[in-house]
1. Taking the range 170-193 only, how many residues are open to solvent by 30 Å² or more (accessible area, probe 1.4 Å) and among the small types (Gly, Ala, Ser)?
2. Looking at (1) touching a residue at least 40 places away in the same chain (Cβ under 8 Å); (2) open to solvent by 40 Å² or more (accessible area, probe 1.4 Å); (3) away from the ligand (no atom under 11 Å from the Cβ); (4) in contact with a Gly (Cβ under 8 Å, 6 or more places away or on another chain), find the lone condition where residue 125 falls short.
3. Can you pull out every residue in the range 92-128 that is among the β-branched types (Val, Ile, Thr) and not in a loop (DSSP other than H, G, I, E, B)?
4. From the set of residues in the range 36-62 that are closer than 15 Å to residue 95 by Cα and surrounded by 15 or more Cβ atoms within 10 Å (Cβ to Cβ), which is nearest to the ligand (Cβ to nearest atom)?
5. Please verify whether the range 136-146 includes one or more residues that are open to solvent by 40 Å² or more (accessible area, probe 1.4 Å) and under 25 Å from residue 32 (Cα atoms).
6. For residue 155, all conditions in the list (1) under 28 Å from residue 7 (Cα atoms); (2) out of contact with any helix residue (DSSP H, G or I) (no Cβ under 8 Å at 6 or more places or on another chain) hold save one; what is the number of the exception?
7. With the requirement that a residue be over 25 Å from residue 50 (Cα atoms) and within 14 Å of the ligand (Cβ to nearest atom), what does the range 72-91 give you?
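The values are calculated or read from the model by the stated rules, or taken from the named source; none is laboratory data. Computed from a predicted model, the values in this text were never measured in an experiment. Note that each Cβ is placed from the backbone with ideal geometry, even for glycine, and that neighbours are counted across all protein chains shown. Side chains included, ligands, DNA and RNA excluded: accessible areas come from the protein's heavy atoms. Shrake-Rupley method; radii C 1.70, N 1.55, O 1.52, S 1.80 Å.
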Amino acid sequence: MPSIAENLESVRANISAAARRAGRDLSTIELIAVSKTYPADVLSEAVEAGQEVFGENRVQEALIKIPELPGRLRWHLIGHLQSNKVRKALPLFQLIHGVDSTDLARDVDRIAGETGHHPRILLEVNVSGEGSKHGFSPEILERNLELLLALPRVQVEGFMTMAPLAPDAESSRPYFAALRELRDRMSEKSGIPLRTLSMGMSGDYQVAVEEGATLVRVGSAIFGAR
Ligand SMILES: *Cc1c(COP(=O)(O)O)cnc(C)c1O
């Protein structure tokens, strides 16, 4: 079985090849190693192989794991965030990917006002309208974007999506392309760059890079099956 270091090396090589195919600058793409369910000593192997950005999907798990690892690492919250976990999440994470409703964005903003944080967030979009129950529909996002961008504390940096589960990577392409197109339109309309596109997991990150992902969230291709 290949080591975590070897897996990381192949994932990075694949990202770089996909960027080249799409004529994209590799420096605009960041690999987030999704470390949910893996213990700190497994993550250490990835850290030794040069990985510094990790994605966790549960606040409770991150609270335990983060203090066990070097302070220089950066952590992203990639999963759904519950309102009652916001206060704990704010000091832990540099970027919150899964803000999936206007109410949650308002809660994050209000709590950040109380705790003195300026959270960077991504809005989760349910592009396909199927599968996940989380995420803004493109219509509701469009209707609420002005309000979301005007929140005083949170900084909306872009969008995140999950493609519906499919056996092949190509099936994800239309959803990734749709998220990029939505971003381009919303960015033009608002005059705000919305630079970050978080899309692509172990099964489809290369397609995501070809379609404009700036963050790919890769777990099992690095750490092995959960
Ligand atoms: C678990 C998870 C991933 C990574 O999934 P893999 O298939 O293991 O790469 C990416 N994004 C989110 C939101 C996840 O929950």
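1. Matching residues across the range 170-193 total 4.
2. Of (1) touching a residue at least 40 places away in the same chain (Cβ under 8 Å); (2) open to solvent by 40 Å² or more (accessible area, probe 1.4 Å); (3) away from the ligand (no atom under 11 Å from the Cβ); (4) in contact with a Gly (Cβ under 8 Å, 6 or more places away or on another chain), only one is false for residue 125: (2).
3. Those that are among the β-branched types (Val, Ile, Thr) and not in a loop (DSSP other than H, G, I, E, B): 96, 99, 102, 108, 111, 115, 121, 125.
4. Ranking the qualifying residues of the range 36-62, first place goes to 57.
5. Looking for residues that are open to solvent by 40 Å² or more (accessible area, probe 1.4 Å) and under 25 Å from residue 32 (Cα atoms), one finds none in the range 136-146, hence no.
6. Failing condition for residue 155: (1).
7. 80, 81
To keep it simple, each residue is scored yes or no on (1) in a helix (DSSP H, G or I); (2) closer than 15 Å to residue 206 by Cβ; (3) under 21 Å from the mean Cα position of the chain (by Cα).
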| site | (1), (2), (3) |
| --- | --- |
| 7 | yes, yes, yes |
| 11 | yes, yes, yes |
| 16 | yes, yes, yes |
| 19 | yes, yes, yes |
| 27 | yes, no, yes |
| 43 | yes, no, yes |
| 50 | no, no, yes |
